[in-house]
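Trainee: My questions will all concern the structure given below.
The values are calculated or read from the model by the stated rules, or taken from the named source; none is laboratory data. Since the structure is predicted, the reported quantities are computational estimates derived from the model, not experimental observations. Neighbour counts run over all protein chains shown; Cβ positions are idealised from the backbone, glycine included. Ligands, DNA and RNA are stripped out before the accessible areas are found, and what is left, the full protein with its side chains, is counted by its heavy atoms. Shrake-Rupley method; radii C 1.70, N 1.55, O 1.52, S 1.80 Å.
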Amino acid sequence: MAVAFNNVNSDSGLNKLDEYLLTRSYITGYQASKDDITVYSSLAKPPSAAYVNASRWYKHIDALLRISGVSGEGAGVTVEGSAPISEAVATPPAADSKAPAVEDDDDDDVDLFGEETEEEKKAAEERAAALKASGKKKESGKSSVLMDVKPWDDETDMKKLEEAVRGVQMEGLTWGAAKLVPVGYGIKKLQIMLTIVDDLVSVDDLIENYLTVEPINEYVQSCDIVAFNKI
């Protein structure tokens, strides 16, 4: 059965979305999909910080769209009481237009992200030139990773643990949505999404040389890869 949301731009709708994302990184499944785009495009603006889970999910999807796009099919989602995707991203017609616009019956062909701007083309060309000049291989692809980060005990400050993890920054690494998952005996683990550029970031290296060494190992006992998907 498809997931359904109602009027996600209202307080009640945002509350429902926020509660739904409390235990989930994505709208459906374990990787970003068209279902995430559907809900993302139905939001008139980013959720405020008061909606912690919805705000974190929105920023993650926004970052994915800017970096690599979203290719997952999803399981199906409906959003009632909000503008459809095509209206949310289309350019409004001119006020003095004399003839109505021709409707496109094929909704599947709607370009959600618009054509590449001159600035984006220029930035891409400059990046390609920089890679070539430095002798680096062109990025071959990206991967979406779901990781469990485990604390030492129930007294570990999980807020500081997450801050320490997100504090690890490197080229080709983007941190995404995260949540705390109960393990037992009052202990919770941090489950966090990250997107990596395969040519630039090794998950094994990230864990061994960044996440489980000083000073982060004051909070982090170990890290496990839960899911690894090519984008």
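Trainee: Residues of the stretch 60-83 being more than 19 Å from residue 5 (Cα to Cα), open to solvent by 60 Å² or more (accessible area, probe 1.4 Å) and not in a loop (DSSP other than H, G, I, E, B), which ones?
Mentor: Step one: filter the stretch 60-83 for residues more than 19 Å from residue 5 (Cα to Cα), giving 60, 62-72.
Now drop any that are not open to solvent by 60 Å² or more (accessible area, probe 1.4 Å), which leaves 66-67, 71.
66, 67 - these are the residues of the stretch 60-83 that are more than 19 Å from residue 5 (Cα to Cα), open to solvent by 60 Å² or more (accessible area, probe 1.4 Å) and not in a loop (DSSP other than H, G, I, E, B).
Trainee: Let me ask you something else. Can you name every residue in the stretch 222-231 that is modelled with pLDDT of 90 or more and either out of contact with any strand residue (DSSP E or B) (no Cβ under 8 Å at 6 or more places or on another chain) or surrounded by 15 or more Cβ atoms within 10 Å (Cβ to Cβ) (or both)? Steps first, answer last, please.
Mentor: At the first step, the residues of the stretch 222-231 found to be modelled with pLDDT of 90 or more are 222-225.
The answer is 223, and nothing else.
Trainee: Kindly check whether there is at least one residue in the stretch 200-211 that is within 14 Å of residue 150 (Cβ to Cβ) and out of contact with any helix residue (DSSP H, G or I) (no Cβ under 6 Å at 6 or more places or on another chain).
Mentor: Looking only at the stretch 200-211, we keep the residues that are within 14 Å of residue 150 (Cβ to Cβ), and these are 207, 211.
Filter again for out of contact with any helix residue (DSSP H, G or I) (no Cβ under 6 Å at 6 or more places or on another chain), leaving 207, 211.
Looking through the stretch 200-211, at least one residue is within 14 Å of residue 150 (Cβ to Cβ) and out of contact with any helix residue (DSSP H, G or I) (no Cβ under 6 Å at 6 or more places or on another chain).
Trainee: Looking only at the stretch 8-59, how many residues end up being crowded, with 18+ Cβ neighbours inside 10 Å, polar (S, T, N, Q) and in a helix (DSSP H, G or I)?
Mentor: Summing the residues that are crowded, with 18+ Cβ neighbours inside 10 Å, polar (S, T, N, Q) and in a helix (DSSP H, G or I) in the stretch 8-59 gives 5.
Trainee: Continuing with this model, one more query. Report yes if some residue within the stretch 81-91 is modelled with pLDDT under 50 and more than 23 Å from the chain's Cα centre (by Cα); otherwise report no.
Mentor: Taking the stretch 81-91 as the starting set, the residues that turn out to be modelled with pLDDT under 50 are 83-91.
If we keep only those that are more than 23 Å from the chain's Cα centre (by Cα) as well, we get 91.
Within the stretch 81-91 (the criterion being modelled with pLDDT under 50 and more than 23 Å from the chain's Cα centre (by Cα)), the answer is yes, since at least one residue qualifies.
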